[in-house]
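Novice: What follows is a single structure, and I will ask about it in a moment.
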Amino acid sequence: MAEKASESAALSPILKQATPVLAARGEGVYIFDEDDRRYLDFTAGIGVTSTGHCHPKVVEAAQRQVGTLIHGQYTTVMHRPLLELTERLGSVLPDGIDRLFYVNSGSEAVEAALRLARQATGRQNAIVFQGSFHGRTMAAASLTTSGVKIRAGIGPLMPGVAVSPFPYAYRLGMTEEQASEYALRELDYLLTTVSSPSDTAAIFIEPVLGEGGYVPVPDSFLRGLRERADRHGILLVMDEVQTGFGRTGKFWGHDHSGTRPDIVITAKGLASGFPLSAIAAPSEIMDRAWPGSQGGTYGGNAVSCAAALATLDVIQNEGLVDNSAQMGERLHKGLRGVADAHPVIGDVRGLGLMLGNEFTAPDGSPDAATATKAHRIAAEKGLLLLTCGPQGNVVRMIPPLIVNAEQIDAAVDLWSAAV
Ligand code: PLP
């Protein structure tokens, strides 16, 4: 395994590869390496392959589209996969959000949302929360506060981004309600001091803080954001890149609180691994972007759109949103059992199949070393996981939404042996 790791590291010296696995093929929730060793993939390519690796319906749709039309650029010609996808997404988006625009990655969609928010409001500033992750392109990195390495040495970043505390109940030593009240008070303070409402175009929030540590946003906090957005004419942008498409046990992460977004950003689970992302907004907002101000050569690629249509079919026909809720509950319970036996795991939390295990040293500080060790041992035992969190001390689990009870139990056993 070590030899193969150096082989792939040689391809890109700046690559940070967390395991030495060289993936040869994927099938359902499994990755197989070149020696045909099987790994339970509880990373899903960072939350992308929600229908599992190479779902036959997605493969078939993409293969059919490759032989029909690979690329037709929407500024010149429209194509059926894009039109059909737009109609289908319209039926799963919140009421009143009826306009869509496609790009290729989460970061590009975040950039598009920021551009749209500025154009629609005529204001410049944005508010984000401590621990936010919105991407690596320059504007998206400017909206990102988790992971100092992402921003180190690339400045100057975009001005006009104010950072407000996130209601991270566990680290604050508060209940969710107390954390929510505290963070809303801080936001009000920020709006009267650092970022005047009349200059603020948008508030960006992830319904479950992702790279920042897999911390679900309390419902009352999201409702509080909606109230402040309405009061000040600020747009509420839900970054559903990681939380959308059933990941949290409801179709959208914000569905848990019933909070209405102004702009929704989606990517990752949208097309089962084909590059596709989108922003969605009501026409009164979307129509304020001037033609030509958004776009990109590959946006709305026909094969990606066909894969996204098949992904939606699979999610709906195979009941994957409900499966995410049920299997998420089973995994959550299993992980709590492991944490009870291993006090180094101070908190287990999440929604649906988006769960984090936070490692904490006896003095209460984040314990990244033990988290990293458990993550490595899990991979050696055949369970692929990811880390995230304030200092890389949260081991997260984000399996494909097709995962079944037997696979969940197998993962919990492997995890228990790894900690
Ligand atoms: N927004 C969120 C919430 C994310 O989790 C990510 C990636 O992990 C991004 C944006 C950036 O997406 P991408 O890596 O596709 O650019």
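Just so it is clear, none of the values below were taken in a lab; they were calculated from the coordinates. None of the values given here were measured: they were computed from a predicted structure. Every residue, glycine as well, gets a Cβ built from its backbone with ideal geometry; the counts of neighbours run over all protein chains shown.
Novice: In what sequence do Asp313, Asp239 fall when counting other Cβ within 10 Å, fewest first?
Specialist: Values: Asp313 16, Asp239 30.
So the ranking, lowest neighbour count to highest, is Asp313, Asp239.
Novice: Hey, rough spin-label estimate for Tyr189 and Arg25, points 7 angstrom out along Cα→Cβ, what's it come to in nanometres?
Specialist: The modelled label-to-label distance comes out at 5.8 nm.
Novice: Also, I was wondering about something else. For every other residue with a beta carbon closer than 10 angstrom to the beta carbon of Ile398, add +1 if it is Lys or Arg and -1 if Asp or Glu, then tell me the sum.
Specialist: Charge balance in the 10 Å sphere: +2.
Novice: Rounded to the nearest 0.05, what FRET efficiency is calculated for Asp95 and Lys373 with R0 set to 35 Å and r the Cβ-Cβ distance? Each step should come with its number before you reach the end.
Specialist: Working: r = 47 Å, r/R0 = 1.35.
Using R0 = 35 Å, I get an efficiency of 0.15.
Novice: A further question follows. Counting DSSP beta bridges with both partners in the chain, what percentage is antiparallel, nearest 5?
Specialist: Bridges in the chain are about 65 percent antiparallel.
Novice: Using +1 at the C-beta of Lys and Arg and -1 at the C-beta of Asp and Glu, which of Leu235, Ala141, Ala368 has the Cα lying farthest in the positive direction of the dipole of the chain?
Specialist: About the Cα centre, the residue reaching furthest to the positive side is Ala141.
Novice: What is the spin-label model distance, in nm, from Glu329 to Glu60 if the labels are put 7 Å beyond Cα along the C-beta direction?
Specialist: Label at Glu329, label at Glu60, 3.2 nm between them.
Novice: Once you order the gyration tensor axes a ≥ b ≥ c over the Cα atoms, which shape class does region 60-317 get: rounded for a/c under 1.5, otherwise prolate or oblate by comparing a/b with b/c?
Specialist: Working: a/c = 1.82, a/b = 1.57, b/c = 1.16.
Because a/c hits 1.5 or more and a/b exceeds b/c, region 60-317 counts as prolate.
Novice: Defining a contact as two alpha carbons under 8 Å apart and six or more residues distant in sequence, what relative contact order in percent does region 60-317 show?
Specialist: Taking the mean separation of contacting Cα pairs over the length of region 60-317, I get 30 percent.
Novice: Let me ask you something else. Suppose a student asked you for the relative contact order of region 352-405, using Cα pairs under 8 Å spaced at least 6 residues apart; what percent would you report?
Specialist: 42
Novice: HN-Hα J couplings of region 320-334 from phi, Karplus 6.51/-1.76/1.60, θ = phi - 60°, integer Hz, Gly and Pro as x?
Specialist: Values per residue, Gly and Pro as x: 6, 5, 5, 4, 4, 5, 6, 5, x, 5, 5, 5, 4, 4, x Hz.
Novice: Cut-off under 19 Å on the C-alpha distance; same-chain residues fewer than 8 positions from Lys381 excluded. Which lysines are left, in chain and number order?
Specialist: Lys4, Lys373
Novice: Now, a different point. Using modelled backbone amide H atoms (1.01 Å from N, in-plane), which distant-in-sequence or interchain residues come within less than 5 Å of Glu27's amide H?
Specialist: Phe32, His53
Novice: Calculate for the chain the 222 nm mean residue ellipticity that helices alone would give, adding -39,500 (n - 2.57) per DSSP H run of length 4 or more and normalising by residue count, nearest 500 deg cm²/dmol.
Specialist: On the way: 15 runs with 168 residues, N = 419.
Per the formula, -12000 deg cm²/dmol.
Novice: Using the 10 angstrom Cβ neighbour count as an exposure proxy, how do Lys333, Lys16, Lys250 rank, fewest first? Intermediate values should be presented prior to the final figure.
Specialist: Numbers: Lys333 12, Lys16 7, Lys250 20.
Least to most surrounded, the residues fall as Lys16, Lys333, Lys250.
Novice: Return the distance in nm (one decimal) between the two label points of a simple spin-label model at Gln178 and Arg115, each offset 7 Å from Cα along Cα→Cβ.
Specialist: Between Gln178 and Arg115, the simple spin-label model gives 4.5 nm.
Novice: Continuing with this model, one more query. Take every Cα pair under 8 Å in region 326-366 that's 6+ residues apart, average their separations, divide by the length, and report that relative contact order as a whole percent.
Specialist: Working: 47 pairs, mean separation 14.5, N = 41.
35 percent.
Novice: Using only Cα atoms, locate the centre of region 98-131 and the centre of region 184-242, then give the distance between them in Å, rounded to an integer.
Specialist: One Cα centre to the other: 14 Å.
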